[in-house]
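Novice: Structure in structure tokens, see below.
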Amino acid sequence: MAGHFEPIPGGGAAVALDEVEISILRSLAVQLLELIGPGPGGADGEGDPLADLFAEGPSEPPTDPVLQRLFPDAYGDPESVPDDQLKEYSAEFRRFTENDLRAGKRENALAMVRSLDALTVGGESGAVLKLSADESRQWLGSLNDLRLALAARLDVIAEEDTDLLYRLPDTDPRKPMVMAYLWLGGLQETLVETLMF
């Protein structure tokens, strides 16, 4: 079980994680939450839930490359599409969907943090994380978002870009990020296989 998810009764999944792995996953999830930002009501949670439900999102794409990867334009890249009508459609789609997309990604990342915080770590051996079927789906979404975020920072766009990562020398400053990217890919792959079991 170490390093990969396995199915458990009831449709869930389990994985053994050591203290370092727990710390890395939690840190990455918290960074993702910070990047996504608070919901329409703000960080204090004092917003009006009804107003938040009908709040319009942004119509412009984000400037951060990670957020561009997490919240892409529905009708292609407006900068590369000369059609003003498509740009308008993309802006409208973003305005009415991005808040919900952000909320879903935020919930997935929060579920990851909560489940990691609930673990009782036993010495150097770590702990076994057990997820329900619903929690597994949230983890899958969050693992995907984390990989997309790291891919954006590493300029991974195509399969060939990933192949180049395997050949980076150990002295390359991107190496720790590459190792996290590849490790998250392995976790994601075994979680997908578990959910299809």
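Novice: Restricted to region 127-153, and to residues that are of a type in the set (Ser, Thr, Tyr) and touching a strand residue (DSSP E or B) at 6+ places or on another chain (Cβ under 8 Å), which residue is nearest to residue 22 (Cα to Cα)?
Specialist: Among those that are of a type in the set (Ser, Thr, Tyr) and touching a strand residue (DSSP E or B) at 6+ places or on another chain (Cβ under 8 Å), it is 136.
Novice: Now for a different question. Is there a residue in region 178-196 that is assigned to a loop (DSSP other than H, G, I, E, B), over 15 Å from the mean Cα position of the chain (by Cα) and of a type outside the set (D, E, K, R)? Lay out the reasoning, then the answer.
Specialist: Of the residues in region 178-196, the ones assigned to a loop (DSSP other than H, G, I, E, B) are none.
No, region 178-196 contains no residue that is assigned to a loop (DSSP other than H, G, I, E, B), over 15 Å from the mean Cα position of the chain (by Cα) and of a type outside the set (D, E, K, R).
Novice: Between 20, 15, 66, which is open to solvent by 30 Å² or more (accessible area, probe 1.4 Å) and either at pLDDT 90 or above or in contact with a Phe, Trp or Tyr (Cβ under 9 Å, 6 or more places away or on another chain) (or both)?
Specialist: Numbers: 15 fails: open to solvent by 30 Å² or more (accessible area, probe 1.4 Å); 66 fails: open to solvent by 30 Å² or more (accessible area, probe 1.4 Å).
Going through 20, 15, 66 in turn, just one is open to solvent by 30 Å² or more (accessible area, probe 1.4 Å) and either at pLDDT 90 or above or in contact with a Phe, Trp or Tyr (Cβ under 9 Å, 6 or more places away or on another chain) (or both): 20.
Novice: Something else about it: Step by step: first the residues of region 112-144, then only those that are aliphatic (A, V, I, L, M) and farther than 17 Å from residue 5 by Cα, then the one that is most open to solvent (accessible area, probe 1.4 Å). Which residue is that? Break it down stepwise before answering.
Specialist: Kept after step one, since they are aliphatic (A, V, I, L, M), are these residues of region 112-144: 112-113, 116, 118-119, 121, 127-129, 131, 133, 140, 143.
Then keep just the ones that are farther than 17 Å from residue 5 by Cα; that gives 113, 118, 121.
Values: 113: 14, 118: 78, 121: 60 Å².
Checking each candidate, the answer is 118.
Novice: Taking the condition of being modelled with pLDDT under 90, of a type in the set (Asp, Glu) and part of a helix (DSSP H, G or I), how many residues in region 80-130 meet it?
Specialist: Number satisfying all stated conditions: 4.
Novice: Moving on. Counting just the residues of region 156-182 that are touching a residue at least 12 places away in the same chain (Cβ under 8 Å) and among the hydrophobic types (A, V, I, L, M, F, W, C), which one comes out farthest from residue 28 (Cα to Cα)?
Specialist: Top of the filtered list is 165.
The values are calculated or read from the model by the stated rules, or taken from the named source; none is laboratory data. Worth saying up front: this structure is predicted, and the values here are computed from it rather than measured. All Cβ positions, even for glycine, are placed from backbone atoms using ideal geometry, and neighbour counts span all protein chains on display. Each accessible area value is taken on the protein alone, full model and side chains, heavy atoms only, with ligands, DNA and RNA left out. Shrake-Rupley method; radii C 1.70, N 1.55, O 1.52, S 1.80 Å.
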